[in-house]
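Okay, so here's the structure we're looking at.
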Amino acid sequence: MTDEDSEGFLRVTLVVEEDSVDPLSLPGGLRGQVLAGRYRLGGLVGRGGASEVYSAEDLADGGACAVKVMLPHVAAEPEHARRFEREARAAALLVHPNVMRVLCLAVDPTRDLYFIVMELGIGRSLASTASRHAGTLPLAFVGDVLGALLDVVAFAHARGVLHRDLKPENVLLVDGPAGRYTPKVLDFGLVRIISDASSRSVTEPSMIRGTPAYMSPEQCRSLLDAGPESDVYALGCMAFELLAGHVPFDAPSAMETLARQLFAAVPPLVRPSGAEPLPEELRALVAAMMAKAPTDRPTAAEAAKRLRDALTTAGVPLGRFELPVSAPVTPPRAGHAADPPPASLTGKRVALLRLDAGRAVVDAVVDGLRARGAKVEELARQAVAVTAAGALVIDAGADVAEGLALASRVRRARPAIKIVVVTSAGAGAPLPGVILLRAPVTLDALVEALSHRRE
């Protein structure tokens, strides 16, 4: 562990995403391995471009935790190793109820793996919640979430910490009692500590990084130019998305999106039909947070006050932190029938076969199938022919050809079985009666495929 650990790393809670995880992983992953003689890795929670996150058990006390492991090929690059360490150090500076808390940064010397240990919690991403409601989220929910995020950003800026990658996917809503939640900011992979000279040394003047839909004009030019105002801009983009149901600037390519962030005027913020009316003061605040010139934007603290003043004046109750009960039902268009209710998986027997290259269906998705009533059994290849399950999910990973070949053999033997092949590679040739899904696959996508009625 690093020297900072002796001073006490900030304990960050990781929320396990319940329905929107990235299921890509290295073949076989690290499940079952014990890192540093202490942390036994369980199921894969998700994977980003530089790391994988596992649920884990701390063998020292039997407690549950989460472990974020830096991918070996990424750790081989000194710049990425320094960023990973800086992510943990930044968390140690931010003792705040709305920041994900980290226990320690450590190295497994036998495997030469860098990893961060975090507390484990349960919840859902802001991205999945926003997607389900498509711009009709209650103003009280938007106000509570956005207010908490502005408070966190103001707190971080006062301590010289910039996030530089704020987006709904990096905000998790931790489950609490009676349907309440706590928003938590996570993933400080692009963090910059202003007082730390090394954080500038790993950022080249021409380096452009971030998520285009939430990047400020100055960050579109260079990550080095992204100051506190860029975090405010990102939160403005998020506020726009929560209220309108779509991001303010979107385009077919990342470069086109960056160009619109740089030069296009902010489009009008219009809520969908049926949503609560938007107070004009809030509309003006979102526009101010997205001003092209950094000096024209309010600080995070100023924006937080303006937000609460606008909603309180409009009679919106704040501070309850209650999750929306369910996504609203969209009325059918003229001449179109209403969408049928989602099919239940209660009692459905689902067999899961992972090929040697497979790990495109993460354990969190499998757990989600069970939570929705499915009886999931993992099979060895030789047991597929004799399974009595009514559906088969083949986790083919990168070996789509082998996955489809096996699906074809099973279909010939059992024509009535429903088969879903999940692959992280190319699409391959479609097979009659076989549903092909491309990773990353969400729980909802897999449930829909398993509930699909074959022609």
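The numbers here are math on the coordinates, done by the rules we state, and not lab data. This structure is a prediction, so every number in the text was calculated from the model and none was measured. Note: ideal-geometry Cβ built from the backbone for every residue, glycine included; neighbour counts use all protein chains shown.
Protection proxy ranking of 388-401, 269-282, 288-301, 231-244, by the mean of other Cβ atoms within 10 Å over each peptide's residues and highest first, is 231-244, 388-401, 288-301, 269-282. Going by a ≥ b ≥ c, the root eigenvalues of the Cα gyration tensor, does segment 253-332 fall in the rounded group (a/c under 1.5), the prolate group (a/b larger than b/c) or the oblate group? It comes out oblate by the Cα gyration axes. Scalar couplings 3J(HN,Hα) for segment 233-238, obtained by applying the Karplus form with A = 6.51, B = -1.76, C = 1.60 to θ = phi - 60°, are 4, 4, 5, x, 4, 5 Hz; x denotes Gly and Pro.
When the pairs Lys167/Lys292; Lys184/Lys418; Lys167/Lys305 are compared against a 28 Å limit on Cα-Cα distance, Lys184/Lys418 fall above it.
Once a ≥ b ≥ c are taken as the square roots of the eigenvalues of the Cα gyration tensor of segment 82-125, is the result rounded (a/c under 1.5), prolate (a/b larger than b/c) or oblate (a/b not larger than b/c)?
oblate
If the segment from Val95 to Val270 were pulled out straight at 0.36 nm per residue, it would be longer than the present Cα-Cα gap by 59.4 nm.
Kirkwood hydrodynamic radius, segment 125-313, all distinct C-alpha pairs: what's the number in Å? Could the numbers behind the result be given before it?
Values: mean 1/r = 0.0597 Å⁻¹.
The Cα-based Kirkwood calculation yields 16.7 Å.
Calculate how many DSSP beta bridges within segment 125-313 are antiparallel, expressed in % of all such bridges and rounded to the nearest 5. Let's see the in-between values first.
On the way: 8 of 8 bridges.
In segment 125-313, approximately 100 percent of DSSP beta bridges are antiparallel ones.
Sparse packing (at most 14 other Cβ atoms within 10 Å of the Cβ) combined with a DSSP loop state is found for none of the GluC sites (Glu not before Pro) in segment 84-119. Between Ala178, Val161, Thr110, the Cα set farthest toward the positive side of the dipole of segment 105-181 (charges on each charged residue's Cβ, about the Cα centre) is that of Ala178.
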